[in-house]
Structures are given as structure tokens and as C-alpha cells.
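Colleague: Once you've had a glance at the structure underneath, I'll fire off some questions.
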Amino acid sequence: NTNNISPVLLKWYDHNKRDLPWRKSNLFYPVYLSEVMLQQTQVKTVIPFYTKWLIRFPSIESVAVSNIDELLKLWEGLGYYSRCINFHKSCKILINKYDSRLPENEADFLKLPGVGNYISSAVYSIVKNFPLPAIDANIKRIMCRVLKIKNLTPYNNKRISNAVEKFIDKDRPGDFNQSLMDLGSSICTPMKTDCYICPISSLCKAMKTSSPLQYPLKKSKGIKPLKCLAAVIIFNKDKFFIVKRPINKMLGGLWELPTIELKTYISPNDQLFKYIKMTYNITVSINRKITTIKHSYSHFDISLNLYNCNLQENNLINSEFASWIKPDDIKHYAFSKSNHKLFNKLNLNAWNI
């Protein structure tokens, strides 16, 4: 009988819960911020970013009135930058429509940019004690083992949702959701199970098979495509040229060296020359390839080649999406990790290569 999962799980949680900074308060803003940062990101990675963010931006109002460039700089390195952009937009809406409070109606919260079912359920269960199951990958894995489910079909996903909704503690829904997350991070992990210390092992059907790691079946990872890119560094005296990525694109709002995806049938030099001339009205001569870095994203890998250019003619019209900066100014702009890899490979004492 798996109806008793809530009492034993909460008892275990009370003695073993992780000491995390966002658990020191059940106020809306810090809880909401933590759930946004934790999307697709490990706890240990989030903690320093979360701590620094709250010091710099202690309220919804402080986020809403800030420039997106300032927010992205503090987010730099956390990845999935659309989360930061959506959080900024949402804070503005929360001020204007809800007096910086969590909307009483969950449907209104779900309309905010970047807010999906998981974030909404997690926030409302913690802040308002709504008995809403917050089902993430950790909880799906645990419930697959409890219910002995191998394949995450739509039907089985519904079974999991119904089960968690049945199990959730009506008095402590936020703690219940977080207890499952802690269980999935420490005892019932993707690679190992410590069934002998698991508080719900007696209720787990997969444990009784002696092969709990077979639940659920792991999807075979396909080979990620490789994209070949080229970037240029163009100096004008003691400054070099950077551009800002469109806000609605991948890595939107970040700055970078001018970059293109290379076509295999045209020489890189010709592609770079035409791109820089047509896009920025800057004429350059491409000298040589300086270095190459590799970088991996969730759905593809890149090989990024850096080329040194000589500036011939600069007819760039003033734009907020392009700038000439000194090497020391890098710390004031938000760049992607791939660009930081390029900067780290360059000799900063000899940037006029």
C-alpha cells in the first residue's frame, strides 16, 4: 500500500533535508528566483549565483528597474540566458499588475514569461501551501521506481502525475515536493540507489525486483551535431569590436566577437569578409587563424575558429548592438563561455596580434 508515502517521507526530510539558501524563507521573490535558476542547472552551480544575485537585487522592484545588460552580467556563466530575460520581463509585470506579489490565481502566474507548470507548482506549494505536485526529472525517476514504470509514455506520465497528486501532503505540500527532490539527489539518483536507507523502499516496487536502476529505461543519447563557426577579432588602435546577440535568439542579449557559421564550400576568409562588410559596414582584411576552441551545448557541439583581422575602413553607424572596447572592459560585459574561452587563449599583453 503506497498511501503512506507522505508521512515517512516527511519524517525523513525533517532529519535529512539539505541546507540550501533558498529554504531559509518561504517568501515569494527568493523562492521564485531559486526555481528559475534551478531549471536544468545543478544545485551546487546555482548556490553562488543565487547568493550574489540576492545581494545585488534584493527585490522584484530592483530587478524590474535594472538594465537587462546588468542582469545578464550577473547571470553570466549560469547558462540558459533566456531564463534571465524572462525573469526580468516577469518582474516588470508583477510590479505593474500584482503589486509585486504572487498572483492569487495560479492561471495568472502561468501567463508570465518563462513560468511553466513545474515552476508554478513549486512556488505555490512552498509560498501558499497549495497542494500542487511539482514534477521534475528527479521526481519522475523516483515515481517510475515506486510504481515500477519502465517507459515514460504519455499514459505513464499521467500515472505519475496522478500518484504524486494522491501522495502529496495537504498540510506541507512544499516540504513534500522538496523531500522528493532531496531523495532524488541523494538516495534515488540516476546512477545509483541506496535502497537500504531509503525511507520509502518498502513501498517501492522496483526495489523488490533487485534491479531498481532499470526503471525508467534510459534513452540512448544520439550523437550531437557539430557546427563549425568562425569569429573575428578586429582592432582599432587599442580597442576591439564586439556585437550584441538579438534578444530573441540563443544566448540572446550577450555580447560576442562577430561570429558566423561556416559553409563548407566557401573559404572562411571570403565568408568573414562579406559578413562583416554587409552586416556592420566595416571593411577588413583577414590575416590568419589564431586559435580554435571546442564547446558543448545541450543539443549540439561547436568548433569555433578565431581569425585576426586588420581594419581597413570603418563606416559603422552608431548602434547599441555594437561597440569598440578595450581588453580591460571585458569584465563589464556579459559574454558566452565560448567567447571567454577565446579570450583566455589570447595573450592579453599582446592583443594587437
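The values are calculated or read from the model by the stated rules, or taken from the named source; none is laboratory data. These numbers were taken from a predicted model, which means no experiment stands behind them. Positions of Cβ are generated from backbone atoms using ideal geometry, with glycine treated the same way; all protein chains shown enter the neighbour counts. The area values use the complete protein model at the heavy-atom level, side chains included, leaving out ligands, DNA and RNA. Shrake-Rupley method; radii C 1.70, N 1.55, O 1.52, S 1.80 Å.
Colleague: Once both labels are modelled 7 Å past Cα along the beta-carbon direction, what's the VAL243-LYS52 spacing in nm?
Modeller: 2.8
Colleague: Hey, another quick one. Which net charge results for the neighbourhood of PHE240, defined as the other residues with beta-carbon distances under 14 angstrom from its beta-carbon, given Lys and Arg at +1 and Asp and Glu at -1?
Modeller: -1
Colleague: Using only Cα atoms, tell me the angle between helix 82-98 and the longest principal axis of the chain; keep it within 0 to 90° and round to the nearest 10.
Modeller: 70
Colleague: Short version: ³J(HN,Hα) in whole Hz for each residue of the range 43-49, in order, from phi by Karplus 6.51 cos²θ - 1.76 cosθ + 1.60 (θ = phi - 60°), x for Gly and Pro, what are they?
Modeller: For the range 43-49, the Karplus-derived couplings read 4, 5, 6, 6, 3, x, 5 Hz, x marking Gly and Pro.
Colleague: What is the percent carbon and sulfur in the accessible area of the chain, measuring with a 1.4 Å probe over the protein chains and ignoring ligands?
Modeller: The value for the chain is 52 percent carbon and sulfur by accessible area.
Colleague: Also, I was wondering about something else. Multiply the residue separation of LYS277 and ALA137 by 0.36 nm, subtract the distance between their alpha-carbon atoms, and state the gained length in nm to one decimal.
Modeller: Result for the pair: 45.8 nm of gain on full extension.
Colleague: Net charge within 13 Å of TYR275 by Cβ-Cβ distance, Lys/Arg positive one each and Asp/Glu negative one each, not counting TYR275 itself?
Modeller: Residues close to TYR275 contribute a combined charge of +1.
Colleague: Now a separate question. How much FRET efficiency would the formula 1/(1 + (r/R0)^6) give for ASP329 and SER82, where r is the Cβ-Cβ distance and R0 is 22 Å, rounded to 0.05?
Modeller: With a Förster radius of 22 Å, E is 0.30.
Colleague: Classify the range 276-353 from the C-alpha gyration tensor, please: rounded if a/c falls under 1.5, else prolate or oblate depending on whether a/b exceeds b/c.
Modeller: Because its axes are fairly even, with a/c under 1.5, the range 276-353 counts as rounded.
Colleague: Suppose the chain between LEU262 and SER100 were pulled fully straight at 0.36 nm per residue; how much longer would it get relative to their current alpha carbon spacing?
Modeller: 53.7 nm
Colleague: Counting DSSP beta bridges with both partners in the chain, what percentage is antiparallel, nearest 5?
Modeller: 70
Colleague: With point charges of +1 on the Cβ of Lys and Arg and -1 on the Cβ of Asp and Glu, referenced to the Cα centre of the chain, which listed residue (TYR29, HIS340, SER179) lies farthest in the positive direction of the dipole?
Modeller: Farthest along the dipole direction, towards plus: SER179.
Colleague: With a point put 7 Å past each Cα toward its Cβ, work out how far ASN347 is from ASN314 in nm, to one decimal.
Modeller: The two pseudo-label positions are separated by 2.4 nm.
Colleague: Now a separate question. Express in whole angstrom the spacing between the alpha-carbon centres of the range 53-74 and the range 259-315.
Modeller: 33
Colleague: Over the chain, what is the mean sequence separation of C-alpha contacts under 8 Å (at least six apart), divided by residue count, expressed as relative contact order in percent?
Modeller: 16
Colleague: State the extension gain, in nm to one decimal, for the chain segment bounded by CYS228 and ASP108, taking 0.36 nm per residue of separation less the distance between their alpha-carbons.
Modeller: Working it through step by step, the gained length comes to 39.0 nm.
Colleague: Which number gives the lysine pairs in the range 128-201 that have C-alpha atoms under 13 Å apart and are eight or more places apart or on different chains?
Modeller: 5
Colleague: As a test of the formula, what do you get for the chain when each DSSP H run with n ≥ 4 contributes -39,500 (n - 2.57) and the sum is divided by the residue count, at 222 nm and rounded to the nearest 500 deg cm²/dmol?
Modeller: Helices in the chain give a 222 nm mean residue ellipticity of -12500 deg cm²/dmol.
Colleague: Apply the a/c threshold of 1.5 to the C-alpha gyration tensor of the range 142-260 and tell me whether it is rounded, prolate or oblate.
Modeller: prolate
Colleague: Note down the nm distance, to one decimal, between modelled labels 7 Å out along Cα→Cβ at LYS192 and at LYS148.
Modeller: Between LYS192 and LYS148, the simple spin-label model gives 2.7 nm.
Colleague: Given C-alpha coordinates of the range 102-173, what is the ratio Rg to Rh with the Kirkwood estimate of Rh?
Modeller: Across the range 102-173, the Cα-based Rg/Rh ratio is 1.01.
Colleague: Based on the Cα coordinates of the range 84-210, what is the per residue volume of their convex hull in Å³?
Modeller: 123
Colleague: Please say if the range 134-205 is rounded, prolate or oblate, where rounded means a/c under 1.5 for a ≥ b ≥ c the square roots of the C-alpha gyration tensor eigenvalues, and otherwise the choice is prolate for a/b larger than b/c and oblate otherwise?
Modeller: oblate
Colleague: Where in the range 29-56 does the label zone of ARG18 land, with the point 7 angstrom along Cα→C-beta and an amide N cut-off under 19 Å?
Modeller: 30-54
Colleague: Skip the ligands, DNA and RNA, and give the accessible area per residue of the chain with a 1.4 Å probe, whole Å².
Modeller: 52
Colleague: By how many degrees, between 0 and 90 and to the nearest 10, does the Cα long axis of helix 268-280 differ from the longest principal axis of the chain?
Modeller: Roughly 90 degrees between the two axes.
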